[in-house]
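Notes follow the structure.
The values are calculated or read from the model by the stated rules, or taken from the named source; none is laboratory data. Since the model is a prediction, treat every value here as computed from it, not as a measurement. Cβ placement follows ideal geometry from the backbone for every residue including glycine, while neighbour counts extend to all protein chains displayed.
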Amino acid sequence: MTNERILQITRVVLRLALASAFLAAVADRLGFLGPYGSRNVSWGDWKHFEEYVAVLNRFVPKALIPALSILETVIETGLGLGLLVGIYPRIVAWSSAVLLSSFALTMTIALGLLAPLGYGVFTAIGAALLLGAIAVPYTLGVRETATDTKTRTRLSMLTDVLKI
């Protein structure tokens, strides 16, 4: 198997893994995975999700928690769908890394370092950053520039040297 083929497979796997994580979290808070207290359900409904957002963001005024909950849900849904469809892969991947970093930070502040470690948030950040680094830099028929080609060639040379 060639390095290019491995990179193609890796791009797809990372996109699907991150998309499913975002969309499953959204489905959970909307109650699609079952009611609160069910097996493998964190929130089960919007009320419990807002309570969790309030715990993580205790420095935010209580009046802003509903808006923050909605904003977070809209962003996660957009990023999840963007990853699933594969549009603007670098922008979506790096935006995912930023969102996940904000989750890691608030979880660490509110709950301690073991919370984001236990939920694999740092791993997801790494996956999003890797996807952004290896994503094909064009989409929807937009042609690659000479600079993009040079960057991809350098990345291919690096993967050859590192034997990955």
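Observations on the model:
- Whichever residue in segment 47-65 is touching a Leu at 6+ places or on another chain (Cβ under 7 Å) and free of Cβ contacts under 8 Å to residues at least 24 places away in the same chain and, among such residues, is farthest from VAL85 (Cα to Cα): VAL60
- Test: residue in segment 32-44 that is aliphatic (A, V, I, L, M), at negative phi, in a helix (DSSP H, G or I) and surrounded by 15 or more Cβ atoms within 10 Å (Cβ to Cβ): no
- Residue among ALA63, ALA21, ALA27, ALA17 that alone is within 25 Å of ILE109 (Cβ to Cβ) and surrounded by fewer than 18 Cβ atoms within 10 Å (Cβ to Cβ): ALA63
- Condition check for LEU64: modelled with pLDDT of 95 or more and in contact with a Ser or Thr (Cβ under 8 Å, 6 or more places away or on another chain): no
- Taken over segment 7-31, the residue count meeting the criterion of being assigned to a helix (DSSP H, G or I), of a type in the set (A, V, I, L, M, F, W, C) and free of Cβ contacts under 8 Å to residues at least 60 places away in the same chain is 7.
- Filter result (surrounded by fewer than 17 Cβ atoms within 10 Å (Cβ to Cβ), touching a helix residue (DSSP H, G or I) at 6+ places or on another chain (Cβ under 7 Å) and either aromatic (Phe, Trp, Tyr) or assigned to a helix (DSSP H, G or I) (or both)) within segment 51-60: VAL55
- Look at (1) touching a residue at least 60 places away in the same chain (Cβ under 8 Å); (2) over 19 Å from ASP28 (Cα atoms) and you find that ALA97 fails only one, number (1).
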